[in-house]
Amino acid sequence: MAKKTKLQCSFCGRYEDEVPMMLTGLKGAICSDCVQQAAAVLDFNTSGNTAVKHSPASNGSTKNVLTNIPRPQEIKAFLDNYVIGQDDAKRTLAVAVYNHYKRLQQKEAGAGNDNDVELEKSNIVMLGPTGTGKTLLVRTIARLLNVPFTIVDATVFTEAGYVGEDVESILSRLLQVCNYDEAQAQCGIVFIDEIDKIARKQDNPSLTREVGGEGVQQSLLKLLEGSIVNVPPKGGRKHPDQEYVHLDTREILFICGGAFEGLDRRIARRLGSHTVGYNSVRTAAQLDSDDLMRYVEPQDLRSFGLIPELVGRLPVITSLRPLDKSALHKILLEPKNSLVKQYTKLLAMDGVELVFEPEALDYIVDQAIAYKLGARGLRSITERVMNEAMYDAPDPKKGHRRLVITADYCREQVAKYAPPV
């Protein structure tokens with residue numbers, strides 16, 4: 001009896017017993033994993049709302065083809081579906097992102113024309129308390145544009161020569177996101193979070209080396225300004241025998257974010273809202289004391305501890321307002337991926353219809369305000385409220401049922417985590 005020949009994928013070379021499923025054709029076969037990867041590539045390159053598409057170049061690499069860049073109004077309308085409020089920050093981001101990719105489009109169209117006006121890059125810095133939506137805004141824009149996007153934490157970086165990560169590892173992570181395609185990486189977006197944590201402690205130039213303060217800011221300058229950077233291809237520390245990827249950062253948009261705790265007091269002192277006199281009282285009355293961040297100026301960032309060179313490379317400054325009770329209530333219900341919709345879908349998968357009473361939502365919002373964590377506080381409270389219900393939900397014997405969350409039930413569940421009095 002002839003031995004049966006194993007089917008082998010024509011793309012990756014694996015056999016049928018090494019993959020979940022094998023699809024056969026007239027002269028070959030393809031495994032389910034390769035089908036999924038091919039679908040992802042097609043989706044990335046043929047998406048109708050993408051701003052940056054990639055096509056093969058003559059040298060075998062890819063080149064950027066900038067098309068269908070959403071207008072600022074379209075970007076803001078898309079953000080409105082996922083982020084509640086923060087209209088000023090949305091408009092500022094929409095204009096800055098639109099101008100950035102319009103600049104790349106002009107560069108592609110006018111390559112070789114020395115008479116064209118060269119448009120410079122404008123990086124962005126976002127200020128606002130935790131939980132106000134800084135990361136969500138940037139992540140949503142990257143999803144709309146369908147460009148490579150990565151988030152890095154500034155606190156992990158140290159000055160060269162110290163234990164920690166070099167700033168070049170930012171670009172290593174961006175390369176990893178786009179499978180080490182340099183052309184894609186060079187039109188991506190990098191969000192550097194916690195930028196305020198690397199501020200120097202006093203407003204004087206340091207005479208000695210710092211592990212993670214002013215020295216890191218100096219190292220970030222060449223990335224933000226735009227230069228050819230030697231990037232370790234697999235991340236990690238640099239060493240002389242390593243081969244580097246040479247990445248041009250002039251087309252990468254850098255967005256920095258931070259809470260800048262205490263900056264509002266510096267702004268208040270600059271505006272003179274605590275001085276004595278009729279004019280000062282009248283000026284202070286016109287200020288929005290609940291959102292002093294909206295009056296931020298570059299000199300405030302300098303006084304906080306960012307070096308002048310770094311502030312100059314972040315010309316677009318925007319702030320996010322603290323979330324009040326009304327905004328938190330809308331965040332629970334209105335966005336496409338709101339918490340209520342997420343938990344409703346999770347329990348519907350187990351045959352449970354979930355309903356929140358209005359008083360229960362008010363209780364969750366009040367608790368989140370007490371936590372002072374913004375929108376993140378909403379998830380923390382909701383997780384505590386829903387923990388027991390979601391533990392009991394996966395029971396097929398009970399069939400379809402309806403679960404109503406009341407304010408008393410919320411208080412009972414949250415009280416379980418409170419310390420004894």
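The values are calculated or read from the model by the stated rules, or taken from the named source; none is laboratory data. Because the structure is a prediction, the values reported are computed rather than measured. Here the Cβ positions follow ideal geometry from the backbone for every residue, glycine too, while neighbour counts run over all protein chains shown. Side chains included, ligands, DNA and RNA excluded: accessible areas come from the protein's heavy atoms. Shrake-Rupley method; radii C 1.70, N 1.55, O 1.52, S 1.80 Å.
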Output the number of residues of the stretch 378-416 satisfying the condition of being open to solvent by 100 Å² or more (accessible area, probe 1.4 Å) and either closer than 20 Å to Lys345 by Cβ or in contact with a helix residue (DSSP H, G or I) (Cβ under 6 Å, 6 or more places away or on another chain) (or both).
5
Let me confirm something: among Val340, Val355, which residue is buried (at least 17 other Cβ atoms within 10 Å of the Cβ), modelled with pLDDT of 90 or more and of a type in the set (A, V, I, L, M, F, W, C)?
Val340
Yes/no for Leu171 being crowded, with 20+ Cβ neighbours inside 10 Å, modelled with pLDDT of 85 or more and not in a loop (DSSP other than H, G, I, E, B)
yes
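So, Arg237, is that one modelled with pLDDT of 85 or more and open to solvent by 30 Å² or more (accessible area, probe 1.4 Å) or not?
no
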Working only within the stretch 123-146, note down all residues that are out of contact with any helix residue (DSSP H, G or I) (no Cβ under 8 Å at 6 or more places or on another chain) and open to solvent by less than 10 Å² (accessible area, probe 1.4 Å).
Ala142
Quick check on this structure: which one of Leu26, Leu79 is part of a loop (DSSP other than H, G, I, E, B), at pLDDT 75 or above, out of contact with any strand residue (DSSP E or B) (no Cβ under 9 Å at 6 or more places or on another chain) and of a type in the set (A, V, I, L, M, F, W, C)?
Leu26
What number of residues within the stretch 179-192 satisfy the criterion of being open to solvent by 10 Å² or more (accessible area, probe 1.4 Å) and either assigned to a loop (DSSP other than H, G, I, E, B) or at pLDDT 90 or above (or both)?
4
Residue set Ala407, Ala393; condition touching an Asp or Glu at 6+ places or on another chain (Cβ under 6 Å) and at pLDDT below 85; output residue Ala393
Any hit, the stretch 392-410, residues being closer than 28 Å to Leu136 by Cβ and among the polar types (S, T, N, Q):
no
Could you list, in sequence order, the residues of the stretch 311-329 that are farther than 30 Å from Ile364 by Cα and not in a helix (DSSP H, G or I)?
Arg313, Leu314, Pro315, Val316, Ile317
Please determine whether any residue of the stretch 121-140 is more than 16 Å from the chain's Cα centre (by Cα) and either at pLDDT below 90 or not basic (Lys, Arg) (or both).
yes
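Of the residues that sit in the stretch 252-262 and are in contact with a strand residue (DSSP E or B) (Cβ under 7 Å, 6 or more places away or on another chain) and of a type in the set (A, V, I, L, M, F, W, C), which one is surrounded by the fewest Cβ atoms within 10 Å (Cβ to Cβ)?
Ranking the qualifying residues of the stretch 252-262, first place goes to Phe254.
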Could you tell me which numbered condition Ala109 fails, if it satisfies all but one of (1) among the hydrophobic types (A, V, I, L, M, F, W, C); (2) open to solvent by 70 Å² or more (accessible area, probe 1.4 Å); (3) modelled with pLDDT of 85 or more?
(3)
